[in-house]
Amino acid sequence: MTKKFFRYTTTLAAAALMFASCSDKDYAVPQPKNELQNDAIKRSIGPSLVGRAMEFAYAMALPADKGKIVSAQVEASIAGAPTTYLEHRSFFTTGGGLDSGVVIGNPSENKDNITTVTFSKDTMAATLRYYYVPAEAARGKEVSFKFTARASNGETVTYNLGPFKVANMEMKLDIPVSDAGAKYISITDMAAYNQADAPAHADKIDLVYLYRTTPASFGHALVAPAADPKYLPGITLPTGVNRNTKLMKVWQLRDQQLARDQFGVFIDDADFQQLNIGEGINYTLGLAKDYGVWVETTDGKYRAYIFVNAASNPNKTATLSIKRYTMK
Amino acid sequence: MKKYISAVFMVMFFATIWMGCKKDSPVDEDGLLITTRAECFVSSFEMLGSDHLVTHGKSATIDTAAQTIKITVRFGTDLKKIWPRFGLAQDCKLDPKITTWVDFSDLTTQRSWTVISGNRQVKKTYKVFVTVEQ
């Protein structure tokens, strides 16, 4: 009985194994379509911001015996800023990994929300980059794109991409601040003013930048004008500069758009909406490169993130970049 | 074949009995193992700021006899938002648990935590004295 049991089991297992291993997998070489084709991708990552280009790559091709490409165009659902353009060069990647462009036509033209490149070279395949710069009208809205290519034989193809959300927040990069110069920072203006200019903007000054060597932990600091004077040593505030800004210090939150480093970290609208500084404090000391400070203005109108791009102890200076979100 | 089946059945039967009679290890209300260890002390202490970095230059002074921890934080430390981090003797636990930021801004009132030994029989309450570097 046992022998029979094992014999049947072994036979069954062997049959199952043979059945599985002998299964034939058919493969056929894909046949290319004998017509004009296209494809598009979005190349830029992270939040889309007004005034900062969103990058796309649009590829189109048709068999050589079918004719040549005569034009390519992109229609955005919301007209871009005048700096929006479609490359008139087709890019390929060299063996060294670099993008190399070959001119295929005239520079693009913008008409309302349509950007067009007319080909002047006999071209059967091209990949054009498209740089859409969201205009103020696109802030907080979704934008879609319709890519279209036309061939000399009358064929037309289109490719739709999107929608993509354009963020509400604003960004200002590389604001120089100095202990001896522009040290009064306005979140409203996203700018820094010196002692002479600050009185004219007194009601908009949210922070004071300063650098001190004693105590040793002081270093580079951002302090609200209303903070305890012990955090503003040697500072004589201009008349009317008295805002009490809430702050929270963080380290190594290197937003890629602010830091322009390799880290794929992005601060988006949602981060400001969900930010909870709580009671917060009105001073942050010991700042250095790669530190950041979350900010909420006295009136609650703005929330911001200030990133320290660079800080120099000998010069008593720093370079700051800001992302700002309007709450009210 | 009958012998084969009954042998398998017997093995499974005894395995079930053996597993069923195994005594469970004791755990406390937090699901932590209660051991035989009676050691009960704080071995290290740090205070992290909102940037998750330590807020003090020098290590804390821990007096296990007086059950005190003395620490000096840097000038400008946000004492309302501190995450204390304790190192404890093996198998010990801390009460109350640290689950959020702790406010140390009132320097006149010391905060205290109780260390409970691995056997849950010994309890020692440590007071934390904070001063700010000037």
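Read the figures in this text as sums done on the coordinates, not as results from a lab. None of the values given here were measured: they were computed from a predicted structure. Backbone-built Cβ (ideal geometry, glycine too); neighbour counts: all protein chains shown.
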Peptide A:214-227 - average C-beta neighbours from other chains (10 Å radius): 2
Under a point spin-label approximation (7 Å from Cα along Cα-to-Cβ), what is the residue A:203-residue B:43 distance to one decimal in nm? 6.0 nm
Candidates per trypsin sites (Lys or Arg not before Pro) in the range B:45-106, loop by DSSP, up to 11 other Cβ within 10 Å: B:58, B:97
Between residue A:93 and residue A:189, what's the calculated FRET efficiency when r is the beta-carbon distance and R0 is 56 Å? Round to 0.05. 0.85
Sequence-distant lysines (8 or more away, or on other chains) whose Cα lies within less than 25 Å of residue A:66: A:33, A:121, A:146
With a cut-off of 20 Å, note down the residues of the range B:80-111 whose backbone N falls inside the zone around a label point 7 Å from the Cα of residue A:276 toward its beta carbon. B:80-84, B:97-105
Among B:95, B:63, B:30, which one shows the highest mean-square fluctuation when chain B is modelled as a Gaussian network with alpha-carbon springs under 10 Å? B:30
Loop only per DSSP, at most 13 neighbouring Cβ atoms within 10 Å: give me the chymotrypsin sites (Phe, Trp or Tyr not before Pro) in the range A:162-268, ordered by residue number. A:263
Inter-probe distance in nm under a simple model that places probes 7 Å from Cα toward Cβ, at residue A:28 and residue B:85: 6.2 nm
When chain A is modelled as a GNM with alpha-carbon springs shorter than 10 Å, which of A:120, A:108, A:48 fluctuates the most? A:120
I'd like the Karplus ³J(HN,Hα) series for the range A:154-162: coefficients 6.51, -1.76, 1.60, θ = phi - 60°, whole numbers in Hz, and an x wherever there's a Gly or Pro. x, 5, 9, 10, 9, 9, 9, 10, x
Taking residue B:58 as the anchor, which aspartates and glutamates have their alpha carbon closer than 15 Å to its alpha carbon, excluding any fewer than eight residues away along the same chain? B:46, B:133
All other residues with a Cβ under 15 Å from the Cβ of residue A:34 taken together, and with Lys, Arg as +1 and Asp, Glu as -1, what is their net charge? -1
Taking each pair of distinct Cα atoms in chain A once, what is the resulting Kirkwood hydrodynamic radius in Å? 24.1 Å
Tell me the net charge near residue A:117. Cut-off is 9 Å between Cβ atoms, residue A:117 excluded, with +1 for each Lys or Arg and -1 for each Asp or Glu. -2
Here the relative contact order (percent) of chain B, from C-alpha pairs under 8 Å and at least 6 apart, is 26 percent
Report the full-extension gain for the segment residue B:99 to residue B:119: residue separation times 0.36 nm, less the Cα-Cα distance, to one decimal in nm. 4.9 nm
Compute a Gaussian network model of chain A, connecting alpha carbons closer than 10 Å, and tell me which residue from A:154, A:97, A:300 fluctuates the most. A:97
Based solely on its DSSP helices, what 222 nm [θ] is calculated for chain A when runs of n ≥ 4 H residues each add -39,500 (n - 2.57) and the sum is averaged over all residues, nearest 500 deg cm²/dmol? -2500 deg cm²/dmol
What nm distance separates the two modelled labels at residue A:262 and residue A:102, each placed 7 Å from Cα along Cα→Cβ? 3.2 nm
What does the charge add up to near residue A:54, with Lys and Arg as +1, Asp and Glu as -1, over the other residues with Cβ less than 9 Å from its Cβ? +2
